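**Student:** Before we start, here is the structure in question, set down as structure tokens.
Each value in this text was obtained by applying a stated rule to the coordinates, not by laboratory testing. All figures in this text were calculated on a predicted structure; none of them were measured in a lab. Every residue, glycine among them, receives a Cβ derived from its backbone with ideal geometry; neighbour counts consider all protein chains shown.
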Amino acid sequence: MTATTDGSAGAVEPRAAEAGSPTDTPPAPGEARAAAARAAQRATDHLLARQDADGWWKGDLETNVTMDAEDLLLRQFLGIRDEETTQAAARFIRGEQREDGTWATFYGGPGELSTTVEAYVALRLAGDRPEDPHMARAAEWIRERGGIAAARVFTRIWLALFGWWKWDDLPEVPPELVFLPSWFPLNIYDFGCWARQTIVPLSVVSAKRPVRPAPFPLTELHTDPDRPNPPRPPAPAASWDGVFQRLDKALHVYHRFAPRRLRGAAMKTAARWIIERQEKDGCWGGIQPPAVYSVIALHLLGYDLEHPVMRAGLESLDRFAVWREDGARMIEACQSPVWDTCLATIALADAGLAPDHPALVKAVDWMLDEEIVKKGDWAVRRPGLAPGGWAFEFHNDNYPDIDDTAEVILALRRVRHPDPARVDAAVARAARWTLGMQSRNGAWGAFDADNTSPFPNRLPFCDFGEVIDPPSADVTAHVVEVLGYEGQAQHPRARRGIDWLLAEQEPSGAWFGRWGVNYLYGTASVVPALAAAGLPGSHPALQRAVVWLESVQNEDGGWGEDLRSYRDRGWAGRGVSTASQTAWALISLLAAGERDSEAVERGVGWLTRTQREDGSWDEPYFTGTGFPWDFSINYHLYRQVFPLTALGRYLHGEPVLPARAAAGGAAHAGEG
């Protein structure tokens, strides 16, 4: 490993293969196809063996150690932390520490301050001592970068729960936000669904300002223990940042003088809002952070740990734990069974598995049972739209998303189900809902329509990740791809989506990837969509994409892109070759009609040479995103489903799905 452009250790040298990686020696065309066929068969067998008896697939969803640290801090706050859980979590956290004493947010990434602070505190809870070498290195690094005072707001909130930070020195989040109407700036529906699910319970925590006795001091993490929170320079008064800084000061004053009856009513309304959105498995939104903060908020409002809501919430958090063979315990931020299942179904079908194969039929049965037919928060912006669609997780009826819904439709259409009328009806409902969720600019976001307010990102409270859900190229492309295969490429809504995608193409020829890393993912989403919508491979947009993909192919024949491309476009399409990203590039090239090109042959050769004996691929690199750069994801099934999809399309050609009259009618019905 070599140093990155920002001087951090543990990074990758772009456009170069890792030591020991296979050399690029492409076989003759006939041999390449035979090798690809063998690899596809091994990958098919491996994926079929991983299917659950109920029909779904789910790979581990790996993020970073803040999930594990915050799980321990929650248990400490509630008084339920036990030694077995603590030591198992500590074993995982220690194993993720870098040589310089820090923790990163993705494999091979630079040390990150807030992540390192939280990991350090968690290990202190586990009994690690400040003078231990690994702890001393971490503390020194933290101090060199400004100490706790320089950490993000969410980290300092966790520390404030134990008196390691002052509540007065945190941005204010009043629970009265729940009373703001949906047309008013900064109402909770101006935030992305993941952010609003977090902000509502945190507003209760902010109002209550609880402090539990700290089990130890953290003076070693301050640059100056006698002055732990040096004042930050104010933003220019005429700037938006200056306006919101003054707003935050006003809210701090309001905190001291808030009318008791109004504040009490706001917290009761917040509690009702939280409880109404608890899923049947006890979680909130199917993701860990809102669940953690919801449990804390309800506890502060007097809900006993034995209350059914609290008991179900805590049990749901236990289901995010992945216990490893070495006794380590990793916490998933989320679980991805619907996403993994539809991608696995597509991969197996495109690889040549019979469309009525029992595994595929069982997968469709499970997906059909997961359809969401009730309204959720999305209906605030689309009150007249009928429900239909799928979420990402096992249980998340409040927040179906457009991306999962589109991919599930593509998966359903690949399977010959014994009850085609049931499939057609589900697709019709989903297509109608998806079209109705189109934003005003002609594109689609992930969870909400027109979630584009510029104000939430300005709040001092929101210093981490994305807090709004604007349309993105990858989600829009998946919808366009569905419309193309459903025979609706000329539908007015489809044409607006296509026009938006063409306008969003980067000068390089690539497209930005919001939910996958990064330009390789965006391009792999858009090119097949435009091809499905009828654009020929000779179209200038597709040709520019092909030229860009060929220009960033690694010497070993694969493709890779480092997460640093989100901060530095010089990294676009550059990084160590990975299985999923190589597959994305191949999927793009094949959709553009480049099946016999040298780039495709070399890419297929890389996949066949790097496949493991069991039919899988190794991929430690993070190629998924929750928030670009700030929160990265390693979907452990990506390394399997995308290479198999690419190999299948190389061997059998692009998928040709039947257009359905029912879906066409649904598409037109969604016009309103």
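**Student:** Run the numbers on the range 63-331 and let me know its relative contact order in percent, using alpha-carbon pairs under 8 Å that are six or more apart. Write down the numbers at each step before the final one.
**Tutor:** Working: 335 pairs, mean separation 54.9, N = 269.
Relative contact order for the range 63-331 comes out at 20 percent.
**Student:** Taking semi-axes √(5λ) of the Cα gyration tensor in Å as the quantity of interest, determine which of (i) 41, 30, 24; (ii) 71, 27, 18; (iii) 50, 30, 23 was computed from the displayed structure.
**Tutor:** (i)
**Student:** Shifting gears a bit: Let me know the charge dipole size of the range 63-331 about its Cα centre in debye, to the nearest 20, where only the beta-carbon of Lys, Arg (+1) and Asp, Glu (-1) is charged. Please list the in-between numbers first.
**Tutor:** On the way: 33 positive and 35 negative charges, 238 e Å.
Its charge dipole is roughly 1140 debye.
**Student:** Based on the Cβ-Cβ distance of R544 and D169, what FRET efficiency does E = 1/(1 + (r/R0)^6) give at R0 = 60 Å, to the nearest 0.05? Could you put the intermediate results ahead of the total?
**Tutor:** Numbers: r = 50 Å, r/R0 = 0.83.
E between R544 and D169, to the nearest 0.05, is 0.75.
**Student:** Mind giving me the nanometre distance, one decimal, between the label points for Y254 and Q490, set 7 Å out from Cα along Cα→Cβ?
**Tutor:** Result: 5.4 nm between the two label points.
**Student:** Something else about it: Can you give the FRET efficiency for R212 and D241, using 1/(1 + (r/R0)^6), R0 = 25 Å, r = Cβ-Cβ distance, to the nearest 0.05? Please report the intermediate quantities before stating the final value.
**Tutor:** Working: r = 33 Å, r/R0 = 1.31.
It comes out at approximately 0.15.
**Student:** Arranged from highest to lowest average of other beta-carbon atoms within 10 Å per residue, in what order do the peptides 368-381, 541-554, 31-44 appear?
**Tutor:** Packing order, densest peptide first, comes out as 541-554, 31-44, 368-381.
**Student:** Let a ≥ b ≥ c be the square roots of the eigenvalues of the Cα gyration tensor of the range 185-331; is it rounded (a/c under 1.5), or, if not, prolate (a/b larger than b/c) or oblate? Write out the running numbers ahead of the final one.
**Tutor:** Details: a/c = 1.78, a/b = 1.28, b/c = 1.39.
It comes out oblate by the Cα gyration axes.
**Student:** Related question: Taking R0 as 22 Å, what's the FRET efficiency between E276 and D304 from their Cβ-Cβ distance, rounded to 0.05?
**Tutor:** Values: r = 20 Å, r/R0 = 0.89.
It comes to 0.65.
**Student:** Then there is this: For the chain, what relative contact order do you get, as a whole percent, if you take Cα pairs closer than 8 Å and at least 6 residues apart? It would help to have the intermediate numbers written out before the result.
**Tutor:** Details: 1256 pairs, mean separation 123.6, N = 672.
Computed over the chain, the figure is 18 percent.
**Student:** Here is a further query. Using alpha-carbon positions, what is the distance between the centroids of the range 25-85 and the range 468-514, in Å?
**Tutor:** 29 Å
**Student:** While we're here: First check a/c for the range 33-110, with a ≥ b ≥ c the square roots of the eigenvalues of its C-alpha gyration tensor; if it is under 1.5, answer rounded, and if not, answer prolate when a/b is larger than b/c or oblate otherwise.
**Tutor:** Numbers: a/c = 3.84, a/b = 1.81, b/c = 2.11.
The shape class here is oblate.
**Student:** Just order 356-367, 521-532 by mean Cβ neighbour count inside 10 Å, highest at the front, would you?
**Tutor:** Values: 356-367: 19.0, 521-532: 27.8.
Final packing ranking: 521-532, 356-367.
**Student:** Let me ask you something else. With runs of 4+ DSSP H residues as the only contributors, calculate the mean residue ellipticity of the chain at 222 nm using -39,500 (n - 2.57) per run, divided by the residue total and rounded to the nearest 500.
**Tutor:** Details: 23 runs with 311 residues, N = 672.
So the helix-based figure for the chain works out to -15000 deg cm²/dmol.
**Student:** Going by the alpha-carbon gyration tensor, a ≥ b ≥ c the square roots of its eigenvalues, is the range 63-331 rounded (a/c under 1.5) or, if a/c is not under 1.5, prolate (a/b greater than b/c) versus oblate?
**Tutor:** Note, shape of the range 63-331 comes out oblate.
**Student:** Let me ask something else about it. Straight-line reach from K374: which lysines have Cα under 28 Å away, leaving out those fewer than 8 places along the same chain?
**Tutor:** Straight-distance partners of K374: K58, K268, K280, K362.
**Student:** Here's something else I'd like to know. When the chain is fully extended, how far beyond the present Cα-Cα distance does A49 get from L78, taking 0.36 nm per residue of separation? Kindly include the intermediate steps, with their values, before the conclusion.
**Tutor:** On the way: separation 29, 0.36 × 29 = 10.44 nm, distance 4.03 nm.
Result: 6.4 nm gained on full extension.
**Student:** Can you tell me the 0 to 90 degree angle between the C-alpha axis of helix 66-78 and the longest principal axis of the chain, rounded to 10?
**Tutor:** Between helix and principal axis, roughly 40 degrees.
**Student:** For the chain, take the longest principal axis of its alpha carbons; what is the angle in degrees between that and the long axis of helix 579-591, to the nearest 10 within 0 to 90?
**Tutor:** 40 degrees
**Student:** Take the alpha-carbon centre of the range 435-450, take the same for the range 570-584, and report the distance between them in whole Å.
**Tutor:** That distance is 29 Å.
**Student:** How high is the relative contact order of the range 345-478? Use alpha-carbon pairs under 8 Å, at least six apart in sequence, and give a whole percent.
**Tutor:** Details: 179 pairs, mean separation 31.0, N = 134.
Worked out over the range 345-478, it gives 23 percent.
**Student:** Angle, helix 308-318 long axis vs. longest principal axis of the chain, Cα atoms, 0 to 90°, nearest 10?
**Tutor:** With rounding to tens, the tilt is 60 degrees.
**Student:** How much net charge surrounds A258 when only the other residues with a Cβ under 11 Å from the Cβ of A258 are counted, with Lys and Arg +1 and Asp and Glu -1? Provide the component values of the computation, followed by the final result.
**Tutor:** Details: positive: R256, R260, R261, R263; negative: E172, E176.
Charge balance near A258 sits at +2.
**Student:** Right, something else. So how much slack lies between E144 and R440, counting 0.36 nm per residue of separation and subtracting their Cα-Cα distance, in nm? The partial results should precede the final answer.
**Tutor:** Numbers: separation 296, 0.36 × 296 = 106.56 nm, distance 4.66 nm.
Additional length available on full extension: 101.9 nm.
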